[in-house]
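**Student:** Can you keep this structure in mind? I'll have questions shortly.
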Amino acid sequence: MSPMAQIVLAGIGTYLFRVSSIALAGRFDAIPPRVEMALSMIPPAVRAAIAAESLLFDGEAWRGLDEWHLAIVGAGLVAFRTKSVAICLAVGMPLLWGLAAIG
């Protein structure tokens with residue numbers, strides 16, 4: 001199957017999934033609290049999976065210890081202390097750029 005056909009089929013599948021959830025939403029009075037809590041955990045889990053993949057792999061090869069790992073430790077410490085995404089980005093990206101310039 002061609003890459004374009006895969007993209008189109010994935011788009012159609014995503015669209016149908018979203019439309020079905022909207023159509024079914026009117027049939028229920030309320031979403032159970034446990035389901036709502038589980039759904040709220042999906043976006044952070046996806047972001048963590050994407051970040052972990054980029055930290056572990058460089059293309060298809062394992063990524064060695066480099067400036068990425070040091071920058072993520074620094075940004076993680078800032079995120080832990082401040083609980084602010086903006087401050088974490090303001091510290092993490094320049095840290096990564098500086099470490100990349102040095103190494």
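The values are calculated or read from the model by the stated rules, or taken from the named source; none is laboratory data. Predicted model only: the values in this text are computed from it and were never measured. Don't worry about glycine lacking a Cβ; one is built from the backbone with ideal geometry, like all the others, and counts go over all protein chains shown. Surface accessibility is based on the protein's heavy atoms, side chains included, excluding ligands, DNA and RNA. Shrake-Rupley method; radii C 1.70, N 1.55, O 1.52, S 1.80 Å.
**Student:** As a check on your grasp of the helix formula, calculate [θ] at 222 nm for the chain: sum -39500 (n - 2.57) over DSSP H runs of n ≥ 4, divide by the residue count, round to the nearest 500.
**Tutor:** That calculation yields -26000 deg cm²/dmol at 222 nm.
**Student:** Just how much of Met37 is accessible, in Å², when a 1.4 Å probe is used and the result is rounded to the nearest 10?
**Tutor:** 110 Å²
**Student:** Then there's this: If one takes the longest principal axis of the Cα atoms in the chain, at what angle in degrees, from 0 to 90 and to the nearest 10, does the Cα axis of helix 85-102 lie?
**Tutor:** For helix 85-102, the angle is close to 40 degrees.
**Student:** How far, in nm, would the chain grow between Thr14 and Leu70 when pulled straight, counting 0.36 nm per residue and subtracting the alpha carbon separation?
**Tutor:** 16.5 nm
**Student:** Which order do peptides 66-74, 17-25 fall in by mean Cβ count within 10 Å, highest first?
**Tutor:** In descending order of packing, they fall as 66-74, 17-25.
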